[in-house]
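Please treat every number below as a calculation from the coordinates, not as lab data. Just so it is clear, the structure is predicted and the values come from calculations on it, not from any experiment. Virtual Cβ from ideal backbone geometry, glycine too; neighbours counted across all protein chains shown.
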Amino acid sequence: MITLRPYTGSDADALVAIYRKSVRRLGPRAYRPDQVAAWLSVAPDRTEMHRLYTDGRHAIVAVDPNGAPVGFSDLAGNGHIRFLYVDPDHVGRGVGRAMVAALLDHARTLAVVSVFSDASDLARPLFERAGFTCIARQEHRIAGIRIHNHHMSASVPCSGTP
Ligand SMILES: CC(C)(COP(=O)(O)OP(=O)(O)OC[C@H]1O[C@@H](n2cnc3c(N)ncnc32)[C@H](O)[C@@H]1OP(=O)(O)O)[C@@H](O)C(=O)NCCC(=O)NCCS
């Protein structure tokens, strides 16, 4: 049973570890080894993770029954989802989907008209199932290595009645 809760300061190390483990183990399913290495090279350290997740964005952590983090994601006030990472030992069980659903619910409480993210090949199917549309395939260069992702967007329905 996985539950979602807000980020706390003591999560930073665990989230950085999930990010790195996830990219190392899941990245090769869609990206070449040099692209996975480039992706890892831009992993946040604990200081950056904590700075980002305490800057006012809505940051959530998925935890197992023992309280151990198994995934994380976030939503900024402008509708941007920056990270969506699940521990490879827990993928394919709906953790990512549950986090995106929770973020869309949260978006309805904010004055945002759309939610958007730059999704990997691994995350694009999940976002599409959650109602996002691919706006553009994006080519990036990280330390000279070409790597692509997908700019995805979903509109946020109005909440309440007129
Ligand atoms: C992308 C990621 C977060 C998905 O997490 P997850 O917990 O495995 O996702 P879920 O189990 O909730 O899957 C949701 C749905 O998408 C589908 N799905 C997930 N990944 C998929 C893939 N690579 N290809 C096809 N379908 C996929 C699942 O089958 C599931 O379908 P369902 O709704 O019919 O059950 C996880 O694979 C991950 O951390 N990847 C590496 C990091 C990454 O790419 N992050 C995104 C950066 S933008």
Margin query: Suppose the chain between residue 109 and residue 2 were pulled fully straight at 0.36 nm per residue; how much longer would it get relative to their current alpha carbon spacing?
Written below: 36.2 nm
Next item on the list: With a 10 Å radius around each residue's Cβ, average the other Cβ atoms per peptide and rank 133-142, 117-126, highest first.
Entry: 117-126, 133-142
Margin query: Just to be sure I understand the model, the point goes 7 Å from the Cα along the line to the Cβ. What's the resulting residue 34 to residue 153 distance in nm?
Written below: 3.3 nm
Margin query: Could you check the spin-label model distance between residue 102 and residue 128? Points 7 Å from the Cα along Cα→Cβ, value in nm.
Written below: 2.6 nm
Checklist line | In sequence order, calculated HN-Hα J values of segment 46-59 (Karplus, 6.51, -1.76, 1.60; Hz; x Gly/Pro) | finding: 5, 5, 5, 4, 5, 4, 5, 7, 10, 8, x, 6, 8, 10
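Pop the C-beta distance of residue 135 and residue 82 into the FRET formula with R0 = 22 Å and round what comes out to the nearest 0.05. Working shown, then result.
Details: r = 17 Å, r/R0 = 0.76.
Step by step, r from the Cβ atoms, then E = 0.85.
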Check: Taking a quarter of the surface of the convex hull around the Cα atoms of segment 40-162, what do you get in nm²?
Finding: 9.0 nm²
Item checked: Protection proxy ranking of 18-28, 150-160 - average other beta-carbon atoms within 10 Å, highest first -> 18-28, 150-160
Next item on the list: Return the inverse of the average 1/r over all pairs of distinct C-alpha atoms in segment 3-112, which is the Kirkwood hydrodynamic radius, in Å to one decimal.
Entry: 14.3 Å
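At a threshold of 8 angstrom on Cα-Cα distance, excluding pairs fewer than six apart, so keeping six or more, what relative contact order does segment 3-112 reach in percent? Working shown, then result.
Working: 139 pairs, mean separation 30.9, N = 110.
Over segment 3-112, the number comes to 28 percent.
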Margin query: Can you show me the helix-derived [θ] at 222 nm for the chain, built from DSSP H runs with n ≥ 4 at -39,500 (n - 2.57) apiece and divided by the number of residues, rounded to the nearest 500.
Written below: -9500 deg cm²/dmol
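Which value, in debye to the nearest 20, gives the size of the charge dipole of segment 3-112 about its Cα centre, when Lys and Arg are +1 and Asp and Glu are -1 at the Cβ?
On the way: 14 positive and 11 negative charges, 60 e Å.
Charge dipole of segment 3-112: 280 debye, to the nearest 20.
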